[in-house]
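Remarks on the structure that follows.
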Amino acid sequence: MAEYSWPKQGTAALLGSEQDRIDGVDKATGAAKYSYDVVLDRMLIAKALGCPHAHCKVKSIDVSAAKKVPGVVSIHLFIDPKDEKKSEIKWQGDPIACVAAETEGAAAEGVAAIEVAYEVLEHFVNEEFLAAAERAGRVGKAGVNVELENEPSENEDEDAFVEKELKRLYDESAAVVEGYYGIHAITHMCLEPHGSTCAWQGDKLTAHLSTQSVSGTAGQFASPLSMTADDVTVHCDFIGGGFGSKFQADEWGVACAKIAKETGRPVKLMLDRDLELKVAGCRPSGFVKVKVGADKDGVVKVWDSTQWGTGGDRGAAVDEKQIPYVFNPPNRRRSAVRVSTNTGPTRAWRAPNHPQACAISQTAYDDVAAKLGIDSYDVFLRNLPSVANKKADVYAAEMEIAAKLMDWKAKWHPHGKGPAEGSIVSGLGMAIHTWGGGAVAGSCTVKVHPDGGVETFAGSQDLGTGTRTVMAMVVAETFGLPLSAVKVNIGSSKYPQANPSGGSITVGSVSETHRRASQDALAKITALVGEKLGVDGAALVARDGRIYVDGSPDKGVTWAQACSLLGMNALEVRGEYAPSSKRSPLSSSGVGGVQMAEVAVDRATGVVKMKKFVAVQDMGLVINRQTAKSQMYGGVIMGIAYALFEERIMDPATGGFVNSQIADYRLPRLGDIGEIVLEIYEPESEYSRGVVGLGEPPVISPGAAISNAVANALGVRVPVLPITPMRVFDALERVPKMA
Amino acid sequence: MKAFSFAAPRFESEVLELLGETWGQSEILAGGTDLVGLMRQMIVAPERVVYLGNVAEYRGIEADSAGVRIGAMSTLDDLADSAALAPYAAVTQAIRGINSMQLQAQGTLGGELCQRPRCWFFRNGHGLLADRGRLVAEGDNRYHAILGNDGPAKFVHPSRVAPALVALGAQVRLAGPTAEDETILPIEYFFRIPRDESERETMLLPSQVLTHLMLPAVDGVASATYEVRQGAGPDYPLAAAAAALRFDGPYVREARIVLGHAAPMPWRSAAAERAMIGLPVTPETVKAAGEAAVAAATPLASNRYKVQLARVSVERALLMAAGLETGGF
């Protein structure tokens, strides 16, 4: 078998070109059916009741009135008030019951008629102020991580040495910056909320689940229903957003299946918007107090940080070992505590940890530039030798490209020293990021029919990012066919086991399996053609709908003629990939990425407007340039959202998530994003690495880049994201009024 | 949403027969952009919904030498597109600022004035006054009132257009409770600050309907609305002000200045108005008016920034009314 490989750079017919999504028209016309759109005969609608309190015990649940509501068919309880442990609720919105009814209205009335007796307990929901969290007894044990260039001498007390060494390093620093930075929790805000429609045929369950993991969720239904996964089909043709929050069947999904079984009717249970935001995942917050020491050129020599944040009752907070982000200064002390709050649980949010780590640490690097009066660009450049991922050269090249696109040198001014037009000041900021994005294990089947038809099967899913199109491009490229010749079948757990879609692993994974399967299939077909033509199959190429002797297009057959040689049966080839220690010729892992923001700030109102945003990104070999750019646009816009607008607002009085309705959860609109300029960095050194995923990287840097641009405009750091007029006002008020 | 009966009368007499005597019996449906959400959340759960879309006399914009008479069922787009409204810059600016094709095409003038507050305690089921103001005082009040908040009501009035209409001296016509009852009153007195949960944000009784709005002839009055909007979308502004000025040469002879999103009702500032009388509109004079407008502000724990935003809104509304640059976004 030939080695798997990609065409040499510049020789591919389809790879690297800009292709519309093959399902784009279906989506634009509404022909595409999302999980929420699934409507089955005799289907019941179920709605969930979320707990109104942030912390309480459920003493009793009375459903007698709810049962009498006309149209109510079935009521399912998530909480057993008699179970001492399970009756305690620790965040608002935790599901207590759900009601299935003939109509959505009857289900809602049924939910409203459920009478629950609560014993309300003390809540704590605001983690921003660490002292308050300490007073409330909500702070966990600190983890401390120290790395110093020098070591203590023998018999020297280690703690005393660390203190002495840090003091020496700060004393020797040309600039010392002490700062406070933070970023609030946000939600995933999937346009399509979490949920499913479940239907039974005898003992077999079909779950139309809005999911990022078609292949991984059948078992999650099976186990609590005391069945095996072979009797479950998870189906998802189109999903309206997941961003890391949709890898699970969830308790409400299992409840949906149970009610369907009990009533003998299909049931749809999708979360209402406010419950969706309260319980279906959020991104943890992160706050940090930092002391940074740098030399006169702005090269950071010492970093000391105390970090805190919350992932809810017990969930993960931001990893302190990622602070400072990307940069590894030679001397570091990093401690972190987790604050337990009565807030909904976290789930992976696009590039888990990275956006927060970047926003709360590369801001400190920018403040070093401000303190020394040096161009921020030069401070980032001079600190590149310390990057942990050995991509200093990539960053340097990307910075140069980004600076040209932004016209950085011409526009830059020292922090707070730019010209004002009325009350409007402008500024520039930048940040850099990193991510893995390597392929994971998976499989697919490529099927070539004797009439030349080609189709593929994989238990993967398309989050809307263009996975179907990538699969078709890889297969069409290999067979030398037009894109439209390949039919892609995904979205069923009955198809070959494939990747979940998260962590930027999808494009690498499906490119691996589909290239392998189609190269293997092509080898079989070229062997048959070679036999017929009396030449070595290895001398044949597939291009322009024909298979022919390389260099002699006349000496060959059409694709259909070639496939007819298969005889009666279609050719089915399985493509499998599993990562190993041996580097794959088709995919790789690890990217850099540089982003720059230009903002204008109205000092009188604190309103920030995006003027221009530049994103330069490496991603190895690009399959579909158009959807790659779409990913970058999406990431940048999502980043502008959390930098300037998005925030889960927890009310201290009620413990409630008070902006959990879509009308109150602020998001940017098209008029808020300014001009976005993208550049894909793809020299031969990148192309030859093969495919690397791109979903996460572009969303990481906007928080820090925009915060840095606001600081450059104002001459004052607005320390906590999102940067709202309230926070700009607070920051400006804290410093003496400028002349 | 609770099940309800639906009525779509064609005449005012029928409307008034269908309305209940207490809140909860009926709600009026105009464009539905607010009511439907309130009903879905069960913040209101009327037994009957009375739709006004079929009442022909509640539509239309008529202008004559006395001014403009607008049916309450006119959509916000109808107003923004009307030549008769063009001289009332404060009104059309406020409507354009809503930044939502859907709200502007579907929302009506009457609904815009009668929409319920966006206060998140109210919208999350804690009542209009949120435990007699306690939850707002102790909770997250970043978007709440900085003026007129000494009583239990601490929400901000949500209307985008009301400050302009108060500044321009508009009147409203209310019909009911019986077919013989008609009330005409300055819109300034249509709004009120509720004192307990039995009251709402306007003088409208459950058995009454807001039918028309009358704007006096422009007669040399220059007006403007300025809103501090965080973004380009339909989110409510953080602060707003409308100004209507009558000049005597370069000097302000009469001024009406009204703050929006600052108090539980559109908040007319007599102090700011006095500060402008007899003076030209300059960056210095508007600064003094802005100061005067917020001199009596009583911000809550998290909304001191709104005092600054209200001050700037007054300054910029005055500058815009005088045709000057604001110097900001």
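The values are calculated or read from the model by the stated rules, or taken from the named source; none is laboratory data. Quick caveat, the model's predicted, so the values are computed rather than measured. A quick note on method: Cβ atoms are made from the backbone with ideal geometry, for glycine too, and the neighbour counts reach across all protein chains shown. We work out accessible area using only protein heavy atoms, side chains counted, and drop any ligands, DNA or RNA first. Shrake-Rupley method; radii C 1.70, N 1.55, O 1.52, S 1.80 Å.
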Within the range A:656-676, residues small (Gly, Ala, Ser) and open to solvent by less than 30 Å² (accessible area, probe 1.4 Å) come out as A:656, A:660
Filter the range B:212-255 for residues that are under 21 Å from residue B:172 (Cα atoms) and hydroxyl-bearing (Ser, Thr, Tyr); the one that is farthest from the other protein chains (Cβ to nearest Cβ) is B:223
Here the residues within the range B:284-303 that are free of Cβ contacts under 8 Å to residues at least 40 places away in the same chain and of a type outside the set (Gly, Ala, Ser) are B:284, B:285, B:286, B:287, B:291
Residues of the range A:390-434 being within 14 Å of chain B (Cβ to nearest Cβ), open to solvent by 30 Å² or more (accessible area, probe 1.4 Å) and not in a loop (DSSP other than H, G, I, E, B), in sequence order, are A:420, A:421, A:424, A:426
Does residue A:329 fit the bill of being outside the structural domain of residue A:245 (by TED's automatic domain parsing), open to solvent by less than 10 Å² (accessible area, probe 1.4 Å) and part of a loop (DSSP other than H, G, I, E, B)?
yes
If we keep only residues of the range A:32-45 that are of a type in the set (A, V, I, L, M, F, W, C) and over 29 Å from the mean Cα position of the chain (by Cα), then the residue surrounded by the fewest Cβ atoms within 10 Å (Cβ to Cβ) is A:39
Counting only strands (runs of 3 or more DSSP E) wholly inside the range B:146-217, the ones holding at least 3 residues that are surrounded by fewer than 19 Cβ atoms within 10 Å (Cβ to Cβ) are B:182-186
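Here is a yes/no grid of residues against (1) within 23 Å of residue B:224 (Cα to Cα); (2) more than 12 Å from chain A (Cβ to nearest Cβ); (3) open to solvent by less than 10 Å² (accessible area, probe 1.4 Å); (4) at pLDDT 95 or above:
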| residue | (1), (2), (3), (4) |
| --- | --- |
| B:70 | yes, yes, yes, yes |
| B:77 | yes, yes, no, yes |
| B:81 | yes, yes, no, yes |
| B:111 | yes, yes, no, yes |
| B:136 | no, no, yes, yes |
Fill in: Verdict on residue B:50 being closer than 18 Å to residue B:26 by Cα, more than 19 Å from the chain's Cα centre (by Cα) and either part of a loop (DSSP other than H, G, I, E, B) or of a type in the set (Lys, Arg) (or both)
no
Of the conditions (1) open to solvent by less than 20 Å² (accessible area, probe 1.4 Å); (2) at negative phi; (3) part of a loop (DSSP other than H, G, I, E, B), the single one that residue A:500 does not satisfy is (1)
Filtering the range B:281-294 for residues that are open to solvent by 40 Å² or more (accessible area, probe 1.4 Å) and either within 14 Å of another protein chain (Cβ to nearest Cβ) or not in a helix (DSSP H, G or I) (or both) leaves a count of 3
When every residue in the range A:154-188 that is in contact with a helix residue (DSSP H, G or I) (Cβ under 8 Å, 6 or more places away or on another chain) and open to solvent by 20 Å² or more (accessible area, probe 1.4 Å) is compared, the one nearest to residue A:347 (Cα to Cα) is A:176
Residue B:107 fails exactly one of (1) over 20 Å from residue B:306 (Cα atoms); (2) within 14 Å of chain A (Cβ to nearest Cβ); (3) open to solvent by 20 Å² or more (accessible area, probe 1.4 Å), namely (3)
The residue that is nearest to the other protein chains (Cβ to nearest Cβ), considering only those in the range A:635-645 that are in contact with a Ser or Thr (Cβ under 8 Å, 6 or more places away or on another chain) and within 17 Å of residue A:352 (Cα to Cα), is A:643
Exercise. Do we have any residue at all in the range A:286-305 that's modelled with pLDDT of 95 or more, outside the structural domain of residue A:205 (by TED's automatic domain parsing), in a strand (DSSP E or B) and under 29 Å from residue A:191 (Cβ atoms)?
Worked result: yes
Within the range A:677-724, the count of residues that are within 14 Å of another protein chain (Cβ to nearest Cβ) and either open to solvent by 20 Å² or more (accessible area, probe 1.4 Å) or in contact with a Phe, Trp or Tyr (Cβ under 6 Å, 6 or more places away or on another chain) (or both) comes to 1
Considering the range B:295-310, residues that are more than 19 Å from the chain's Cα centre (by Cα) and not in a loop (DSSP other than H, G, I, E, B), and then whichever is farthest from the other protein chains (Cβ to nearest Cβ), we arrive at B:307
Those residues of the range A:414-447 that are in contact with a strand residue (DSSP E or B) (Cβ under 7 Å, 6 or more places away or on another chain) and not small (Gly, Ala, Ser) come to a total of 11
A careful count of residues in the range B:188-231 that are hydroxyl-bearing (Ser, Thr, Tyr) and more than 15 Å from the chain's Cα centre (by Cα) gives 4
Within the range B:22-47, residues being in a helix (DSSP H, G or I) and either more than 14 Å from every other protein chain (Cβ to nearest Cβ) or farther than 14 Å from residue B:106 by Cβ (or both) number 3
Of the candidates B:270, B:322, the one satisfying the condition of being modelled with pLDDT of 95 or more and open to solvent by less than 50 Å² (accessible area, probe 1.4 Å) is B:322
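If you scan the range A:1-25, which residues turn out to be part of a helix (DSSP H, G or I) and either open to solvent by less than 30 Å² (accessible area, probe 1.4 Å) or in contact (Cβ under 8 Å) with a residue 12 or more places away in the chain (or both)?
Across the range A:1-25, the qualifying residue is only A:24.
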